[in-house]
1. Specify the inter-centroid distance of the stretch 268-290 and the stretch 75-152, based on alpha-carbon positions, in whole Å.
2. Over all distinct Cα pairs, what is the inverse of the mean 1/r for the stretch 144-259, reported as the Kirkwood hydrodynamic radius in Å?
3. Let me know the Rg and Dmax you get for the stretch 28-296 when you use only its Cα atoms, in Å.
4. Per residue and in Å³, how big is the convex hull formed by the alpha-carbon atoms of the stretch 80-136?
5. Between residue 147 and residue 203, what is the spin-label point distance in nm, taking each point 7 Å from the Cα along the Cα→C-beta axis?
6. Highest mean first, what order results for 63-73, 244-254, 77-87 on Cβ atoms within 10 Å?
7. In nm, to one decimal, how far is the modelled label at residue 242 from the one at residue 96, with both set 7 Å along Cα→Cβ?
């Protein structure tokens, strides 16, 4: 009798625990990013969808497609390329320490583009493409179409233009395609690098734009940040969460560290269903940006964003990675035409 009672207690306890876990797994996830997608590598189905099919500017996340086109071009990665001046005026800040006329191997131009988002290096990868710059941009669009990235279009290889558009769901497809290239993983997650140029000989040191690549506990295997004023802070990353690799795409958040904070919220949500908290300033930014997006689409403005778990067909609508709230850089209204910068 006592043994049967004990077994009954164990069974009930197990059922209660399982029910609690199931309830936690369905808890909503709060993110500072206005648009987001979470997926398992190799899958197009989304574990989490927040405006994941909305077409938005992606800033320097563009460089992920640049890397794919460079690697699929078949050109030698050991070739020394000379840095040519811009033949078009960049739309945003294009400051560089690289000297015009100096040379660097193609592989190291790609390294600087991925880890440090060096725009002049990225531009020169396109200039040295077979057929030239225009052919390179066309190859970017052709590859996007081949991957089924239906909300994606490119007008330049750097991400300096607001004409580079995509969606969080499309960028999941791109991240999956890049998993076949170990060089992208190596370069995009390298913490620091010193580039040695020729003609003349000089060296420049660079650091990664994603702080999480320095943390072994995250197991980051692909990373790219992006920023333009009108695109907000952006991140594409493959990292270890709850014991498995996860693709995270975060588009358009206000605070400098908001994407890192969102990554932490996603990590805890997958592990135990913790919804996370977002500061009111980030929520206000999200409402304002959603109003702009909806107005641009000619739709009626909704007061709040719909955020929930969903499949791939859904189309609606920080101080640190431990969670908490975000420290935003500004608390005023969204100003679409203010000075643009990129990262």
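1. Centre-to-centre (Cα) distance: 35 Å.
2. Values: mean 1/r = 0.0640 Å⁻¹.
Evaluated on the stretch 144-259, it is 15.6 Å.
3. Final numbers for Rg and Dmax: 17.9, 56 Å.
4. On the way: hull volume 4.7 nm³, N = 57.
Enclosed volume per residue, from the Cα hull, is 83 Å³.
5. Distance between label points: 3.4 nm.
6. Result, highest mean first: 244-254, 63-73, 77-87.
7. Those two pseudo-labels are separated by 4.3 nm.
Taken together, the values in this text are just the output of simple stated rules run on the coordinates, not laboratory data. Not measured: the values here are computed from a predicted model. So basically every Cβ, Gly included, is an ideal-geometry build from the backbone, and we count neighbours across all protein chains shown.
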